[in-house]
Structure formats: C-alpha cells, structure tokens
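Structure record follows, encoded as structure tokens.
The values are calculated or read from the model by the stated rules, or taken from the named source; none is laboratory data. Being a predicted model, the structure only gives us computed values, none of them experimental. A quick note on method: Cβ atoms are made from the backbone with ideal geometry, for glycine too, and the neighbour counts reach across all protein chains shown.
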Amino acid sequence: MTSTLLGRLHPLDWLAAALLALGVLAVATGLLPTGPASDVLARIGPLLVFLATVIVLAELTGKAEVFDVVATWVARAGQGSYVLLFAWCVVFASVTTITLNLDTTAVLLTPVMLALASRVGIAAVPLAMTTVWLANTASLLLPVSNLTNLLAADRVALSPSRMAAVMWAPQLAAIAATMACLWVFYWRRGRRGAARYTPPERPRPADPVLTRVCAVACGGFLVALLVADVPLWAASATAALVVVVAFAVRRREELRPSLVPWRLLVLVPGMFLVVETVSAHGLHEILARLIGAGEGPWGVLRTALVGAGFSNALNNLPAYVASEAVVPAGNHEQLLGLLIGVNVGPLVTPWASLATLLWFERCRWHGTRIALGRFMSTSLVLSATGVLAATAALAVTV
C-alpha cells in the first residue's frame, strides 16, 4: 500500500517534501537558528491560510462552471474575430489574476481555455501562452494578485486601494508589453493559422444556482478586499466558507480533501526555510552588492532586474524574501521595483514561479505540447520588455 501511494506522487510532491526536509534539517542542525526560522514561519502563516482558502474557493468556483461560462461568453463576444477574441482573452486572464491571484489563473483558467480551444477550433498554444504570461505580468495591482505582494504588505504599508493607486501605471505597462509580445509571437495570422473561428453556443451550466452563488462569493471577496478593512486571509476564508456550504447543500460529493493544495502548503515553508539558511551563509552579502541602496530611477531599475534574474535562477518567492532583506527600510520605491522584477520578470524558466510550474502541468495533462526552446526565448523578450516598461511607468507616476 505504501509503495502504491509513493508511486502516485508527482515530481513536485517529491520536491516539496525534499525542501521541507532540508529546511527542518537546517533548523535541527543549527545552520538556521530557531529565531530566524520562527520569524519566517510566523510571517508566512497568514499567507498559507490565504493560499489554502483562495485555492479552495477557486477550485470549487471552477467546478461550479463559473469560469466555463465566462470563457464561453468571451468567445461569443469575439464574434468569430481573432482580434476581438484576443482582447477579451487578455481582459479575462488579467482580471482573474488581479482578483483571484496568479495560481488560480494557472490552475483553473488554463484547462478552461484549452478546452474552449478544442470546442471551437481555436489554436491551443496562443490561449495557453496568454494564460501563463498574464498569470505573472498581471499580478502587480493588488496584494491578493501575487504571494510576493502579500509578503511585501508590511514593508510597502499600502492598503489594497492605495496599492492599486500606486501600481496602476506599472500594471498597465506590463499588460501592454504582454499584449504586444503575445500578438507578435503567437496570435498574428501567420502563427495561429486561421482567419476566423466559429463562436460557441450560449453557456448552460448544469446547476445555475450553484454557479450564481459561487460568482457572488467571488465578487464579494473582491469587494471586501477593496473596500473593507479586513485581513486578506479572513476575506478569502469567508468567501471559501460560503462556497463550501453551497456545495455541501447541492453537491456534497465534490468536497474532498484533495481540494486543499497540500503540495503548496508543504513547498512554500520548505522553500523559505532553505533560502533563509542560504541567506545566512553568504547570499545576503551577494545580493546587497548586486542591488545596492540607490532609490532613483536607475536604482529602482537595477533592483527590478536583479529580482527578475534571481527569480528565473531560483523562484520568485524566495527571490523576493532574500532580496527584500537587503533593501533599506525607507526605500519604498526600490521595494516596488523589486516587486516588478519578481512579478513580471519570472517568465523565462519553468520553475521561476509556482504559477508557471502549475501551468506546465496542466498543459501536459491536456495534451498541449509546449516547445520549451520557443517558450524560453519568447518569454525572455517579454521578461525584459515588461520589466523595463513597468519600471519606467513607476518612475513617471510615483
């Protein structure tokens, strides 16, 4: 039985377990003192609650066909025109990322968009690339959009509405750069291979009541996020509870332990403990020399580029934590530049963000082949142009 269970584990499960084991071992052997380890775990505690509840909210919302309904309406709104479809897909993926975070876009929107491609005869790769790129580049606007934003909440000291007021221009610049790269590399006629498509029929969810309840819960979560002064984890937990109760009443069989993102809940603390250990043994000094303490436009750009490079080499979550530690406490613009680097920049390597890893897994499950060389080369172009555009927009507006 044990061998059967181990055989079902995904490689990412093994990675998560290995990182957690290394982190625990570092604490046990004294490589990482218990004080810094406790501080790290206390800091990511609310983040883990948010991550667990928002993923449950998103998973059940997907099962209630909310995303399918919206995706079908997007395809219908395109009226057979690829130009209109492109614009609507960008809006759909961007709004999903901004309001429900990038991992939700990767986990739930990817299979919906790929299934839609199969249903109406749309090329799958342009839709897939739209999803993964905007899952990362559209994650600047709100604290909920990216886990790095949540980690930065105390240092940035901005409410969700204030953060949106500061980051709207960098966010629009990043999305504009993404649209340009998507059209040139994947959506133009020579790449997609068709002139028009046939719009799908009007969506008909199996349980309209459940669909409406989940849609209202997601909307309420967004309203609470922007208007009410409540912790993010409390808002996501409340919305998730509403959806869970609705499923308990109407489709109890869907409520399973597998809804909880156990892999991420193991991976994230292990990753942070390992990076904290490495930082304590030399990484901190290296990053301090690379990032510097300048807060003018060039200093902010330098910080963003280092954050992007470090994210692609390792992963954007530990890259943010390690880099944040060397940014002087009063340098808020430099910290915002770092967020641009670790949010918009981690596109080139498959492991640069958890969202990209999850996206690759979903594409493989669907049978959509992603050519790694083309993925990395085009993503490198977007990573560079997106970080430069967003940083320039920040310099102009802040």
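When we screen E333, E324 for residues that are among the acidic types (D, E), touching a helix residue (DSSP H, G or I) at 6+ places or on another chain (Cβ under 8 Å) and under 27 Å from L51 (Cβ atoms), the only hit is E324. Scanning the stretch 227-263 for residues that are of a type in the set (K, R), loosely packed, with under 15 Cβ neighbours inside 10 Å and touching a helix residue (DSSP H, G or I) at 6+ places or on another chain (Cβ under 9 Å) yields one hit, R250.
So that you can scan it fast, the table gives a plain yes or no per residue for (1) touching a Pro at 6+ places or on another chain (Cβ under 7 Å); (2) under 30 Å from R252 (Cβ atoms); (3) in contact (Cβ under 8 Å) with a residue 12 or more places away in the chain:
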position	(1), (2), (3)
V69	yes, yes, yes
G80	yes, no, yes
F86	no, no, yes
L109	no, yes, yes
A115	no, yes, yes
A123	no, no, yes
T131	no, no, yes
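Do we find that A355 is buried (at least 24 other Cβ atoms within 10 Å of the Cβ) and over 16 Å from G309 (Cα atoms) in this structure? For A355, the condition - buried (at least 24 other Cβ atoms within 10 Å of the Cβ) and over 16 Å from G309 (Cα atoms) - is met.
Report whether or not A37 is surrounded by 19 or more Cβ atoms within 10 Å (Cβ to Cβ) and under 12 Å from G270 (Cα atoms). Explain how you work it out, then say what you get.
Details: surrounded by 19 or more Cβ atoms within 10 Å (Cβ to Cβ): yes; under 12 Å from G270 (Cα atoms): yes.
Yes; evaluated as a whole, the condition is true for this residue.
Is it the case that P160 is surrounded by 19 or more Cβ atoms within 10 Å (Cβ to Cβ) and within 30 Å of E65 (Cβ to Cβ)? Yes: the conditions hold for P160. Just one of the listed residues (V209, V213) is at pLDDT 85 or above, surrounded by 14 or more Cβ atoms within 10 Å (Cβ to Cβ) and outside any loop (DSSP other than H, G, I, E, B), namely V213. Here the helices (runs of 4 or more DSSP H) wholly within the stretch 1-112 that include at least 2 residues being closer than 30 Å to A322 by Cα and within 16 Å of the chain's Cα centre (by Cα) are 34-63, 82-100. Checking each residue in the stretch 113-127 for being surrounded by fewer than 24 Cβ atoms within 10 Å (Cβ to Cβ), aliphatic (A, V, I, L, M) and either part of a loop (DSSP other than H, G, I, E, B) or in contact with a Ser or Thr (Cβ under 8 Å, 6 or more places away or on another chain) (or both) picks out L114, L116, V120, I122, A123, A124, V125. Restrict the check to the stretch 143-152 and report whether at least one residue is surrounded by fewer than 16 Cβ atoms within 10 Å (Cβ to Cβ) and outside any loop (DSSP other than H, G, I, E, B). Scanning the stretch 143-152 turns up no residue that is surrounded by fewer than 16 Cβ atoms within 10 Å (Cβ to Cβ) and outside any loop (DSSP other than H, G, I, E, B).
At least 3 residues being under 23 Å from G30 (Cα atoms) and of a type in the set (V, I, T) is the threshold, and among the helices (runs of 4 or more DSSP H) wholly inside the stretch 254-350 those reaching it are 262-278. Scanning the stretch 364-398 for residues that are surrounded by 16 or more Cβ atoms within 10 Å (Cβ to Cβ), part of a loop (DSSP other than H, G, I, E, B) and among the aliphatic types (A, V, I, L, M) turns up just one, I370.
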